[in-house]
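Reviewing the structure listed below.
The values are calculated or read from the model by the stated rules, or taken from the named source; none is laboratory data. Worth saying up front: this structure is predicted, and the values here are computed from it rather than measured. Here the Cβ positions follow ideal geometry from the backbone for every residue, glycine too, while neighbour counts run over all protein chains shown. Heavy atoms of the whole protein, side chains included, go into the accessibility calculation; ligands, DNA and RNA do not. Shrake-Rupley method; radii C 1.70, N 1.55, O 1.52, S 1.80 Å.
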Amino acid sequence: MPYNSNINELILAKMENNNFGGDWTKIKIEILVDYAKAYLTIMKDRKFFKLMYFDGFAGSGFIIKNKKEKIDVTIGAAKRIIEISEPRSFDTYYFVEKDPIFFGELKKNTKDAYPKKANSIFPVCDDCNKKLIDLGNFLRDPKNKNVRTLAYIDPCGMQVEWRSIESLRGLPIDMWILVPTGLGVNRLLKKNGHISDAWLEKLEIFLGLTKEEIGKRFYKKSPTLFEDITHFEKERDAIEKSAKLYQSRLKEVFEYVSKPYELKNSSNSTMYHLYLTSNNKAAEKIGSDIVKKYNN
Ligand SMILES: C[S@@+](CC[C@H](N)C(=O)[O-])C[C@H]1O[C@@H](n2cnc3c(N)ncnc32)[C@H](O)[C@@H]1O
């Protein structure tokens, strides 16, 4: 792998800024790959279905981490999924990446690196939210009623807008989605409730709730000596509460949501929760079994 080029130095710097890395990075890819293999095994003999893989935050193809000059390279999810050929491959692969530098590498590491599958690989440099809405419209089109999709939504922050998730209601999609409960939602919910307008707007877009609804779920009012002054106090366990809240939001769109895989940092603080959503009960069972294996 070409590590010593300037482009890789640039990618490494960007990855460190973006909270890439950590052992959880490898585990979430293993969870996805285990699931994809189970999915492809079930779909092996159902030849009438066209299988699409959709990756909304595809990265560059590799995850490069610099631990005190010890370079650790992980093969990214995009390549791991393309490399699955047994028991069958996906018929099409859509990879979305917004950053033009990562996108350039992604194209080289996917479409250009697998000539036999090149015609079925579609990398695109765009915003995942836009492409999720396009995906919903594509799957709703009666011409595409035989398409079944496995999606992987792996953002580093709070980029996924609730309305994009909502646009997938009722569609034949199994989706692994990484939710930044600790690293995103909890960080924006200030202890004293004094949240800037910009952060409140971010929370509203991410959760699809109004600021009043968000306030009710995460803050309690405590009386002060002065009747006209209300003091807001953040509820305990805001990370767990945001995980439960997002899970229940997902259940409004998909019939089934798996148990979460909790991604923790080295100080044992929860950063993300990973869920599988589906309209198929068997899918949820497989997802929850895989999560259980890795949570243990
Ligand atoms: C955690 S990384 C993805 C790692 C990748 N799944 C892998 O296994 O290698 C998140 C990626 O999402 C990209 N990104 C950030 N915001 C985005 C957006 N709104 N739409 C699409 N990609 C975005 C970042 O540039 C970054 O490469």
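Look at residue 138 and say whether it is more than 10 Å from the ligand (Cβ to nearest atom), under 26 Å from residue 161 (Cβ atoms) and open to solvent by 40 Å² or more (accessible area, probe 1.4 Å). Show your work before the answer.
Working: more than 10 Å from the ligand (Cβ to nearest atom): yes; under 26 Å from residue 161 (Cβ atoms): yes; open to solvent by 40 Å² or more (accessible area, probe 1.4 Å): yes.
Spelling it out, residue 138 is indeed more than 10 Å from the ligand (Cβ to nearest atom), under 26 Å from residue 161 (Cβ atoms) and open to solvent by 40 Å² or more (accessible area, probe 1.4 Å).
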Going through (1) assigned to a strand (DSSP E or B); (2) crowded, with 22+ Cβ neighbours inside 10 Å one by one, residue 262 fails only at (2)
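Can you tell me which residues in the stretch 86-100 are among the β-branched types (Val, Ile, Thr) and more than 16 Å from the ligand (Cβ to nearest atom)?
Within the stretch 86-100, the first condition is being among the β-branched types (Val, Ile, Thr), and the residues that meet it are 92, 96.
Once the filter is applied, which keeps residues that are among the β-branched types (Val, Ile, Thr) and more than 16 Å from the ligand (Cβ to nearest atom), the stretch 86-100 yields only 92.
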Counting only residues that are surrounded by fewer than 20 Cβ atoms within 10 Å (Cβ to Cβ) and more than 28 Å from residue 104 (Cβ to Cβ), the stretch 40-67 contains a total of 10
Taking the stretch 162-194 and keeping only residues that are assigned to a loop (DSSP other than H, G, I, E, B) and either touching a Lys or Arg at 6+ places or on another chain (Cβ under 8 Å) or basic (Lys, Arg) (or both), one is left with 169, 171, 172, 189, 190, 191, 192, 193
Checked pairs for the stretch 151-173, first free of Cβ contacts under 8 Å to residues at least 60 places away in the same chain, second more than 8 Å from the ligand (Cβ to nearest atom) and among the small types (Gly, Ala, Ser), C-beta under 6 Å and 6 or more apart or across chains, list as 158/184; 167/136
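Would you list the strands (runs of 3 or more DSSP E) that sit entirely within the stretch 40-149 and hold 3 or more residues that are farther than 28 Å from residue 279 by Cβ and over 23 Å from the mean Cα position of the chain (by Cα)?
On the way: elements: 50-55, 62-67, 70-75, 92-96, 121-124.
Fully inside the stretch 40-149 and qualifying: nothing.
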Notebook entry, point to check: Does the stretch 207-229 contain at least one residue that is in a helix (DSSP H, G or I), touching a residue at least 40 places away in the same chain (Cβ under 8 Å), in contact with a helix residue (DSSP H, G or I) (Cβ under 9 Å, 6 or more places away or on another chain) and under 28 Å from residue 34 (Cβ atoms)?
Noted result: no
### Query
Would the stretch 107-117 turn up any residue that is buried (at least 18 other Cβ atoms within 10 Å of the Cβ) and of a type in the set (A, V, I, L, M)?
no
